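The block underneath contains the structure these notes are about, expressed in structure tokens.
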Amino acid sequence: MSELTIGEKDFLLDGEPYQILSGALHYFRVHPDLWADRIHKARLMGLNTIETYVPWNAHSPSRGEFVTEGGLDLERFLKLVAAEGMHAIVRPGPYICAEWSNGGLPPWLLRIPGIGLRRSEPQYLEAVTEYLESVYRIVAPLQIDRGGPVFLVQIENEYGAYGSDKEYLAELARVTREAGITVPLNTIDQPQPDMLADGSLPGLHMTASFGSRSTERFRTLREFQPTGPLMCMEFWNGWFDSWGFHHHTTTVEDSDTALDEILSAGGSVNFYMFHGGTNFGMTNGANDKGAYVPLVTSYDYDAPLDEAGNPTAKYHAFRKTIAKYAPVPDEVPAEATPAPGFSVVFTEKAGLLGSVGSLGEPVAADVAPTYEELGQDTGFVLYETSIEGRAPGVLVIEEEVRDRAYVYIDGVPVGVMARDAHERAIRLPLAGSTLSILVEDQGRVNYGERLGEAKGLIGPAWLNGEKLLGWTARPLDVDLLPSLDLSGRMTDNGPTVLAAEFELDAPSDLFLTTDDMGKGLAWINGFNLGRYWRKGPTQTLYVPGPVTRAGKNRLVVLELEAMVDDDAASFVDGLRLGQTEF
Ligand code: GLA
């Protein structure tokens, strides 16, 4: 059986120097029927290893649960890596950042009074231990010394950018060893002296994250770790996109130069991302460095394989550069073929507000409860209260709206309060009897201080200086919308659910265009493709082929605002990721 060890200046695989050429591929962002294809394409680029994070919140929707079905079958994913003859790196967090909602921390943690996230606080550590034990039950038997692919496991993630609690890191390492993990353990940090100092722990191998100036970054890493292999555990060959900003790219030349510097220094690398995939459903994270900026559905990342799994110019350039240092298979993956382009007609329409009875039960409370108080992890909550006999005026939410609140009086839309614009007041132009506020969690912050905050209407609501009491709050399970019979339901003046059927000759990747839609979500055959927003940059939602079928298919859209044309939708032949910076 094999083993990986940390040598004087190299990783050693069974005693021989080994350059890790790894690609990040998040199984939870790729349809499981496509895992094998993406892994194979990684090997064809010359990679010998696949790296993945593990998202705690996806595996554990509630405490004690550890879901491993379908797209969360980590064991199957790792076995596919092994079947391709590749090694694996596993990064289970518990915090993973990754532009993933709450950096992977499950929202139920936030309901534990006094919990301390990402530090050695006993309640948090107890929950983390349960989680890590579940992950390692899968990973331990798949380690390299037992004939499996896993040869490196990471502790936490860029911890030096967040805290300096060494006891916490030590406890994570202890739990990891206790659970039977015998391969080397690593940490990762941005190559800045304070972060490397705070995020590291003796006995754990230090790695760095960067996308340029590789020689200089490795020099900084060396200062902190005089011996052992140099590894860029996240080689940022692209970047993520945020709603309302341009589509980020890095040039092939710049990325390729930075790669060459890593490899010529004898360094090991993990391409972040090799293939980014998609934030399906409502899984995207957000940033907040003074302003809330949610992340888009596509996690294309301008990576070597694009969002739909097709090779890009970067793929071919990297393959060539890797070939200077390591054997690369002759086989080259096929180029993208255009997907079918066609239009569909919406034949069913219903008002969301009139359909909420089928989506969740109301809870009564004096002050509007948060999502966490309601046990709602994400998505939407409809808050309602009586304003009977009150004069029109200004509605104020005392602390913050998280994250976007659509306001209605007796079903008539009167405006929006948006956290990304720091809005928490709105003028109500009408009197009426029922005030309804539909709140959307647009993604939990995944980096920095605002990690782990509550969602919903935060703080009491005031109308003309008087506190509004007597609320009902209805958590909505919008994933039930595709299975609702919309026929006979009425449309109204609020958000709309639309459905269209279409035929395909064979399953196929599709690209739904969203630039003429407002803001909302879309499903194909019940599979939640993710959010769209006319703000862009992204103008398509990617439909993985395996969710489509030969014969009849059904598109369902939840439009929260307004479409240019609400009679039809169209599919185009490929990804449209939006305007890049000039
Ligand atoms: C850091 C994190 C990753 C990811 C990247 C940006 O390196 O470790 O999880 O968030 O930034 O894409």
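The values are calculated or read from the model by the stated rules, or taken from the named source; none is laboratory data. Computed from a predicted model, the values in this text were never measured in an experiment. Every residue, glycine among them, receives a Cβ derived from its backbone with ideal geometry; neighbour counts consider all protein chains shown. For the accessible areas, the whole protein counts, side chains as well, though only heavy atoms, and no ligand, DNA or RNA atoms are used. Shrake-Rupley method; radii C 1.70, N 1.55, O 1.52, S 1.80 Å.
If the requirement is being open to solvent by 40 Å² or more (accessible area, probe 1.4 Å), over 26 Å from residue 9 (Cα atoms) and in contact with a strand residue (DSSP E or B) (Cβ under 9 Å, 6 or more places away or on another chain), which of these qualifies: 82, 58?
Criteria check complete, one pass: 82.
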Exercise for the section: Those residues that are surrounded by fewer than 19 Cβ atoms within 10 Å (Cβ to Cβ) and under 25 Å from residue 533 (Cβ atoms), I need them from the stretch 421-436; list them, please. Expected result: 421, 422, 423, 425, 426, 427
Handout entry: Restricting the stretch 144-158 to residues that are in contact (Cβ under 8 Å) with a residue 60 or more places away in the chain and within 16 Å of the ligand (Cβ to nearest atom), the residue that is surrounded by the fewest Cβ atoms within 10 Å (Cβ to Cβ)
Key = 158
Handout entry: Qualifying positions in the stretch 1-48 - touching a residue at least 40 places away in the same chain (Cβ under 8 Å), assigned to a loop (DSSP other than H, G, I, E, B) and in contact with an Asp or Glu (Cβ under 7 Å, 6 or more places away or on another chain)
Key = 1, 2, 3
Exercise for the section: From (1) under 28 Å from residue 244 (Cα atoms); (2) over 22 Å from the mean Cα position of the chain (by Cα), pick out the condition that doesn't hold for residue 550. Expected result: (1)
Practice task
Give the residues of the stretch 485-506 that are surrounded by fewer than 17 Cβ atoms within 10 Å (Cβ to Cβ), modelled with pLDDT of 95 or more and either more than 13 Å from residue 569 (Cα to Cα) or basic (Lys, Arg) (or both), sorted by residue number.
Solution key: 503, 504, 505, 506
Practice task
Any chance you could count how many residues in the stretch 59-93 are on the phi > 0 side of the Ramachandran plot and out of contact with any Phe, Trp or Tyr (no Cβ under 8 Å at 6 or more places or on another chain)?
Solution key: 3
Exercise for the section: Working only within the stretch 218-255, note down all residues that are open to solvent by less than 40 Å² (accessible area, probe 1.4 Å), within 30 Å of residue 579 (Cβ to Cβ) and touching a Phe, Trp or Tyr at 6+ places or on another chain (Cβ under 8 Å). Expected result: 232, 234, 235, 237, 238, 240, 243, 255
Practice task
Could you grab me the full set of residues in the stretch 498-514 that are among the acidic types (Asp, Glu) and farther than 14 Å from residue 543 by Cα?
Solution key: 501, 503, 505
Practice task
Determine whether residue 334 is of a type in the set (Gly, Ala, Ser), open to solvent by 50 Å² or more (accessible area, probe 1.4 Å) and at pLDDT 95 or above.
Solution key: yes
Fill in the blank from the handout: Being crowded, with 20+ Cβ neighbours inside 10 Å and in contact with a helix residue (DSSP H, G or I) (Cβ under 7 Å, 6 or more places away or on another chain) narrows 363, 401 down to just 401
Exercise for the section: Among the numbered conditions (1) more than 21 Å from residue 445 (Cα to Cα); (2) touching a Gly at 6+ places or on another chain (Cβ under 7 Å); (3) surrounded by 18 or more Cβ atoms within 10 Å (Cβ to Cβ), tell me where residue 124 comes up short. Expected result: (1)
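If you go through the stretch 228-247 one residue at a time, do you hit one that is of a type in the set (Ser, Thr, Tyr) and more than 13 Å from the ligand (Cβ to nearest atom)?
no
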Practice task
Considering only the stretch 508-522, state which residues are part of a strand (DSSP E or B) and surrounded by fewer than 21 Cβ atoms within 10 Å (Cβ to Cβ).
Solution key: 513
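Take residue 189 and tell me if it is buried (at least 19 other Cβ atoms within 10 Å of the Cβ) and not aromatic (Phe, Trp, Tyr). Walk me through how you get there before you give the answer.
Working: buried (at least 19 other Cβ atoms within 10 Å of the Cβ): yes; not aromatic (Phe, Trp, Tyr): yes.
Here the answer is yes, as residue 189 does meet what is asked.
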Practice task
Residue by residue through the stretch 382-401, note down the ones that are in a strand (DSSP E or B) and over 19 Å from residue 472 (Cβ atoms).
Solution key: 393, 394, 396, 400
Practice task
Looking at (1) over 18 Å from the mean Cα position of the chain (by Cα); (2) open to solvent by 10 Å² or more (accessible area, probe 1.4 Å); (3) within 16 Å of the ligand (Cβ to nearest atom), find the lone condition where residue 310 falls short.
Solution key: (3)
Practice task
For residues that are more than 14 Å from the ligand (Cβ to nearest atom), surrounded by fewer than 20 Cβ atoms within 10 Å (Cβ to Cβ) and over 30 Å from residue 177 (Cα atoms), tally how many sit in the stretch 203-217.
Solution key: 3
Handout entry: Given (1) over 30 Å from residue 18 (Cα atoms); (2) not in a helix (DSSP H, G or I), index of the condition residue 58 fails
Key = (2)
Problem - Condition check for residue 408: more than 30 Å from residue 163 (Cβ to Cβ), touching a helix residue (DSSP H, G or I) at 6+ places or on another chain (Cβ under 8 Å) and of a type in the set (Phe, Trp, Tyr) - result: yes
Problem - Qualifying residue in the stretch 542-561 (condition: farther than 21 Å from residue 359 by Cβ and of a type in the set (Asp, Glu)) - result: no
Handout entry: Filtered residues of the stretch 51-99 (kept if within 16 Å of the ligand (Cβ to nearest atom) and of a type in the set (D, E, K, R))
Key = 51, 91, 99
Exercise for the section: Could you tell me whether residue 107 is away from the ligand (no atom under 16 Å from the Cβ), open to solvent by 10 Å² or more (accessible area, probe 1.4 Å) and more than 23 Å from the chain's Cα centre (by Cα)? Expected result: no
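Hey, does the stretch 523-536 have a residue that's hydroxyl-bearing (Ser, Thr, Tyr), open to solvent by less than 10 Å² (accessible area, probe 1.4 Å), touching a strand residue (DSSP E or B) at 6+ places or on another chain (Cβ under 9 Å) and in a loop (DSSP other than H, G, I, E, B)?
No, the stretch 523-536 contains no residue that is hydroxyl-bearing (Ser, Thr, Tyr), open to solvent by less than 10 Å² (accessible area, probe 1.4 Å), touching a strand residue (DSSP E or B) at 6+ places or on another chain (Cβ under 9 Å) and in a loop (DSSP other than H, G, I, E, B).
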Handout entry: Considering residues of the stretch 424-456 that are of a type in the set (A, V, I, L, M) and within 16 Å of the ligand (Cβ to nearest atom) only, the residue farthest from residue 117 (Cα to Cα)
Key = 445
Practice task
Would you tally the residues in the stretch 161-186 being in contact (Cβ under 8 Å) with a residue 40 or more places away in the chain, within 16 Å of the ligand (Cβ to nearest atom) and open to solvent by less than 10 Å² (accessible area, probe 1.4 Å)?
Solution key: 2
Practice task
Identify, from the list 269, 296, the residue that is closer than 25 Å to residue 337 by Cα and surrounded by 24 or more Cβ atoms within 10 Å (Cβ to Cβ).
Solution key: 296
